[in-house]
Each structure stands twice: as structure tokens, then as C-alpha cells.
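Right, one structure below, let's go through it.
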Amino acid sequence: MCGIIAYTGKRQAKELLLDGLRALEYRGYDSAGLYIPESGMVKAVGPVASLVAAVPHEFLGTSGIAHTRWATHGAPKEANAHPHTDDLKKVVIVHNGIIENYKELKEMLAHKGHTFVSETDSEIVANLIAEKRKTAKSLVDAVTESLKELRGTYGLAIMAADEPGTIIAARMGSPLVLGIGESENFIASDPTPIMRHTKNVIYLNDGEIAIVTGTSYDIFTLAGASVARVPEAIDWTVEAAEKGGYEHYMEKEMMEIPEVIENTMLGRVILEEGRAKLGGLIDVAEKLKSAKRIIIVGCGTAYYAGLVGEYLIESLARVPVEVELASEFRYRNPVIEEGTIVLAVSQSGETIDTLEAMREGKRRGALTLGIVNVVGSTIARESDAGVYNHAGPEIGVASTKAFVSQLVVLALFALHLGREREMSEEDGHAFVKALTELPNHVRTIQSTRGLIEKIAPTYATTRDFLYIGRKQNYPTALEGALKLKEISYVHAEGYSAGEMKHGPLAMIDKDFPTVAIAPQDSVYEKMVSNIEEIKARSGRVFAILTEGDVYGAERADDAFFIPKTHEYLSPILAVIPLQFFAYYISLAKGLPIDKPRNLAKSVTVE
Ligand code: AGP
């Protein structure tokens, strides 16, 4: 995700800011930029090294702000990179987060004569502050007034061209930390870029603003109340900081899931109406209303997300759905009739099979949609319309948070289609309520992951696993098995539990354990029967059950509990323990969790 570093003090800012950007590279980014009031602004697409090459040797000034951007609104290009300024180049900002109401604000500012050069939501913040500054008593008053009009999330560092040395920081939803040094102060999105200069930090809370100079910092709330805060000392190593204190990116990314769900839903749920609002689909609204059939294409984890999507869309919206492996679809001579949508699901947006499958759909006249995490990627650009995941960069090869965000987008998509069709307002409300409860449910699961950490090593020498589930949790079984395969190199097969008697049951013995996904839903009793059948053949069972399910737990050897949720949202919760299970088994085996052998994060060749 985007990174911020800002400096004010006595030293020359250029090298400090560039070093800070290098330290933020681990967060993932596609462009970078910096601003020093006395010298100006430089931006570059690509690695920080490209920015370093672009900054003139003499770029003097003892304060400035800098940013690594991971695109959320607008493709990765220089005009969209941060810092952003108002049209008169008086106010300069760097921003992390998403401004939900940027379109309304942009319109309002355009009426007042402001012009824009980027496609970002961030540029409006600089213009809004500049607009308020025309009548406000001070820069900070203009900032405070502006923040009150923003909806969404932000971590902001703000400077004015005519006030070098002063930086204003503001936080709502996107982390910001102040680094308090000797006659110099820093602002950053996390401690990584500042801890080499000072270990004394102050984490800003949501709704707080700080005025920072080289020798002072004042913190107050949006309402104007002063906040007294004493710096705390951090004891992270630089390496630990890059992974947010976690040992692996995969663990960090799993722990980000509650926030990812919130970001994926941000501004997309209309609570009062029990509806979803997907801005990226507005231009194709009419075609969506009359859609007769949806074909979802994807590979690996994204394909499994599509399988869950099939249950969601058919049940909520009553539109027929087919899900195809993209690598099969593209060579299959598929039948595409009037009213067919081809929906490509891809974290990277670059997977060649998914891209070609989508292109095949387009050639045959389908409306093409994308559910993509990487903004500006090829699938995002070439699809007719789409929805971004907003999951942030996923660095671990094993997809975890992106899978969950794909499920959340598919749930929102199903809700959107459903409410446009037959889904009642009451059902819409119940579904929205269940969606908004998910982040806390995931936090509950994360807080009990110690149990999985304890049992996983007892399975670490197992050679083969079966994963079973039914209905919407059949794909969860497939995804759980894939996670184990890719990071622990253990053979694991996902099966529909109803298929057990048609073959796989023959393999069951005491050395062939089964992971059974059996939450209390409409197929719970059938799942319990499957568990009993396995137990009767001496098979060991690790069951994923609903909180309080003593009956199920008594039938399994090991059990992990997940909170109750809407039946069709249960894969979002059930997959979390399976991700942890694969993680801890791989950890016990001492394998390279983030970069498993033979695999790449983005598969851009067939
Ligand atoms: C998931 O853990 C895998 N690494 C892999 O299956 C991945 O989901 C697949 O390659 C598709 O990638 P995409 O989402 O970037 O298109």
C-alpha cells in the first residue's frame, strides 16, 4: 500500500526523503514522488531508483514530503503519482487512503474554477484546502475545515509553498506516525523509514491532526481540542518493521484481512437501503439489469473465489452463473449469446489465461467485467467495467487477503444484482448486516489462531490430506487444499463431501487425515454424516465448526470454531483457519513461506 515520509528539521531533506522512500518499498508501489518547498516537486513511475535518477543534484531545502503510490484511483502514471498540488501550486499533499466523496467535491471545486491534472481522489484534497485557505485564518484552519468535508479514509501530510518548515499531518483510517527527533521531526505511514533516525514515536489516532515543525509538534482533534501525547520508544528492527513485525508477508497479509474487508466495502454499502453501490459498474448498469448469464473466469485461488461467487449470485440475484478455469475457457469455443457477461477475477490483473479468456469473451460479444486488485493492470484496462478489490499489495505468493476481498466484492456484486431484481429489502438488510459484521468476526478468529499453531505441527509429517465441504464451502475446501499444497508441498485434495462415497472414501485410513468444513448451515447434518463415515474408517478429522458446536466437536479429533454468519458468507470466515493451518504447517517444516519453490506471484505466461 502507499507509503508516506515527511521531514522537517535542520538537515537537507532530499536524501532523508529518498532514503525513507527506499525503506517504504516493501509495502509495494508503482510510482513515487517528493516535494521540497524551496526546490519543487519531482515524480517518477516505477522504482524509487527512477525517482532518484530524476531528482536534480541540487534540490535544496530542510523540509519536505514524499510518497510511494500503489494505485487505487487512476493508472500508475506520473500525473497520478503523489505529491499532488492545487491548480495554483500553493498547497501540496501526500495521501494514503480513499476519499469516497471525491467526485462530488471535484464537481464543486470545478464550479469554483479549479482544474485537475490527475484521475486521483487525492488531488481534490489539495484543491479543497487551497479553496478553504482563501478565507481561513491559517493553513491549519483551512485543513481542519477541509477534513470535515471528506468522507472515507486518509493519512495526509500537507505543506504550503509559502510556509516551508511546517507540515500538517492528519489521520482517519490510514495510519500515521510522528517520529520525534533532536531538532527534527518526521511523519510516516509506519515507523520503518523513521526508525533509523529516532525511536521515539507518537501514533496519531483517527480524527487527530498534528502541526509539526523541526522543533515542535502540536496535536489536536478535528473538533479543535488539544491532545497531550508523550512519545513512546519502539524496539523494532528495520527488517521486522518491513513486515509490520511479522515473520512473513503471508502472516502480515492474513492479519490485515479485517482492514481489507473494511476497505473493500468502503463506500460501497448503503446501510439504510440494504443495497450495494459499485461505482465502477455505473456505466454498464442497464446491461447488468438485463444480463441473462454470467461466466466467471479465473485461475487458482481466483477461480475458487469465482465458485463461491456462483453460489452468491445465483442465490441472491437468480442469474445463472458458470465458472470456468480461464485456461480451459479460452480454448473451448464457448457459446456466448446476447446478455452474457464474462467476469474475470484476478488479483494481479495480469494472469495471461484470465486475460485471454476475457478477450475471448469480448471477441464473441460479451460484456466483460473485471474484479481486480492491481489498479491499471491489463484486465482492469481492457474490461468494459469492473470493481477494484482495494486489498493493498499482496506480496506473499500464496493469496490470502486478496481471496477474501474477491469474495467480498462478489458478495457486493451479488447483492447489487439481487436488489436490482427480486431480492427483498429485508433480505438486503440482513445481508448487509452480516457483511458489516465480518471484520470483527475475522478478528475473533485471529485471536484464537494459537489453537491452530498448536495443532498444525502434529500434522507436519502427514503426506496426504483431504479437504471436504459442501455447497458454498466446497470451493473453500478446494482453496484450503491449494494453500497447503503451494506453501507446504504436501499433497492435498479438495472434494465435495457428497462425493466421498463415490471414490475418495477408499483412501481413508489412520494416516490420511481430512479437514472438514462444517459450519452450522443448511448442509450441516450431511457434513456431520460425512465426518462420521470418515471416523468409522479410522480417519483423523480436523473440523471447522460454528462457535458452540459441541456436537460437531465431539465427532472430530481436532476442531476450530468460527463465528456464525450468513450461510453464503461463511467461506470468508472458514478459509481463515485453513490459511493459518497451511501457514503453520509450512512454518513447522521450515519452508520458504512467502516464495514457495516453482511458483510466481503473477503468471504472465501460459
Ligand atoms: C494463489 O495462492 C496462487 N498463488 C494462484 O493460484 C493465483 O491465485 C492465480 O495464479 C491467479 O492469480 P491472479 O489472481 O493474479 O490472476
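Any read-out appearing in this document is the output of simple, stated calculations on the displayed coordinates, not a laboratory observation. These numbers come from a predicted model, not from an experiment. Methodologically, a virtual Cβ is constructed for each residue, glycine included, from the backbone with ideal geometry; neighbour enumeration extends over all protein chains shown.
Based on the mean of other beta carbon atoms within 10 Å per residue, what is the order of 3-9, 338-344, most packed first? Spell out each step's value before the answer.
Numbers: 3-9: 29.3, 338-344: 22.6.
Highest-to-lowest ranking by the protection proxy: 3-9, 338-344.
Given the peptides 46-52, 542-548, 368-374, arrange them by the average over their residues of other C-beta atoms within 10 Å, most packed first. Walk me through the intermediate numbers first.
Values: 46-52: 17.0, 542-548: 21.6, 368-374: 27.4.
Sorting 46-52, 542-548, 368-374 by mean packing, highest first, produces 368-374, 542-548, 46-52.
Work out the length of the dipole vector of the chain about its Cα centre, built from +1 on the beta-carbon of each Lys and Arg and -1 on the beta-carbon of each Asp and Glu, and round it to the nearest 20 debye. Walk me through the intermediate numbers first.
Values: 64 positive and 81 negative charges, 87 e Å.
For this selection, approximately 420 debye.
Quick check: convex hull of the Cα atoms in the chain, volume per residue, rounded to a whole Å³? Don't skip to the answer; put the middle values down first.
Working: hull volume 96.1 nm³, N = 606.
Looking at the chain, the number lands at 159 Å³ per residue.
At 222 nm, what helix-only mean residue ellipticity would the chain give, in deg cm²/dmol to the nearest 500, using -39500 (n - 2.57) for each DSSP H run of four or more? Could you put the intermediate results ahead of the total?
Values: 20 runs with 216 residues, N = 606.
So the calculated ellipticity at 222 nm is -10500 deg cm²/dmol.
Expressed as a whole percent, how much of the Cα-Cα distance distribution for segment 3-234 exceeds 24 Å? Provide the component values of the computation, followed by the final result.
On the way: 9723 of 26796 pairs.
Summing the P(r) tail past 24 Å for segment 3-234 gives 36 percent.
List the equivalent ellipsoid semi-axes of segment 448-606 in whole Å, largest first, each obtained as the square root of 5λ for an eigenvalue λ of the Cα gyration tensor. Don't skip to the end; give the middle numbers.
Working: eigenvalues 113, 59, 52 Å².
Here the semi-axes work out to 24, 17, 16 Å.
What ranking, highest mean first, results for peptides 110-118, 408-416, 308-316 when packing means the other Cβ atoms within 10 Å averaged over each residue? Before the final figure, lay out the partial values.
Numbers: 110-118: 12.9, 408-416: 26.4, 308-316: 22.9.
Answer by packing, highest mean first, reads 408-416, 308-316, 110-118.
Hey, quick one: spin label on E337, modelled 7 Å out along Cα-Cβ, who in segment 282-314 has an amide N within reach, i.e. under 20 Å?
Zone members listed by number: 287-297, 314.
For the chain, which DSSP H helices look membrane-span-like by this rule: Cα extent along the axis of 20 Å or more and mean Kyte-Doolittle of at least 1.0? Don't skip to the end; give the middle numbers.
Working: long enough: 300-317 (25 Å, 0.66); 401-420 (28 Å, 1.14); 425-447 (34 Å, -0.57); 473-488 (22 Å, -0.23); 570-588 (28 Å, 1.54).
Qualifying helices, which must be both long enough and hydrophobic enough, are 401-420, 570-588.
Considering only DSSP beta bridges where both residues belong to the chain, give the percentage that are antiparallel (nearest 5). Walk me through the numbers on the way to the answer.
Numbers: 58 of 98 bridges.
Within the chain, antiparallel bridges account for around 60 percent of the total.
For segment 58-127, which GluC sites (Glu not before Pro) are in a loop by DSSP, counting at most 15 other Cβ atoms within 10 Å?
Values: sites: E58, E78, E100, E104, E107, E119, E123; in loops: E58, E100, E119.
Those that pass, being in a loop and sparsely packed, are E58, E119.
Given the pairs K483/K526; K535/K564; K43/K199; K510/K595; K362/K471; K106/K132, which are separated by over 22 angstrom at their Cα positions?
Violating the 22 Å Cα-Cα cut-off are K483/K526; K535/K564; K43/K199; K510/K595; K362/K471.
Suppose each label sits 7 Å from its Cα in the direction of the beta carbon; what would the R421-D162 distance come out to in nanometres?
5.9
Using 0.36 nm times the number of residues separating D141 and Y489, minus their current alpha carbon distance, what extension gain do you get? Could you put the intermediate results ahead of the total?
Working: separation 348, 0.36 × 348 = 125.28 nm, distance 5.75 nm.
Working it through step by step, the gained length comes to 119.5 nm.
Which three lengths, in whole Å and largest first, does segment 242-446 cover when its Cα atoms are put on their principal axes?
Projected onto its principal axes, the Cα set of segment 242-446 covers 50, 40, 25 Å.
Taking 0.36 nm per residue of separation and subtracting the Cα-Cα distance, what length does fully extending K510 through E182 add?
Roughly 111.7 nm would be gained on extension.
Return the tail of the calculated pair distribution for segment 157-247, meaning the percent of Cα-Cα pairs more than 19 Å apart. Don't skip to the end; give the middle numbers.
Working: 1595 of 4095 pairs.
That tail contains 39 percent of the Cα-Cα pairs.
Quick one: if the Förster radius is 25 Å, what FRET efficiency do A75 and A285 give, using the C-beta to C-beta distance and rounding to 0.05?
Given R0 = 25 Å and the Cβ-Cβ separation, E is 0.60.
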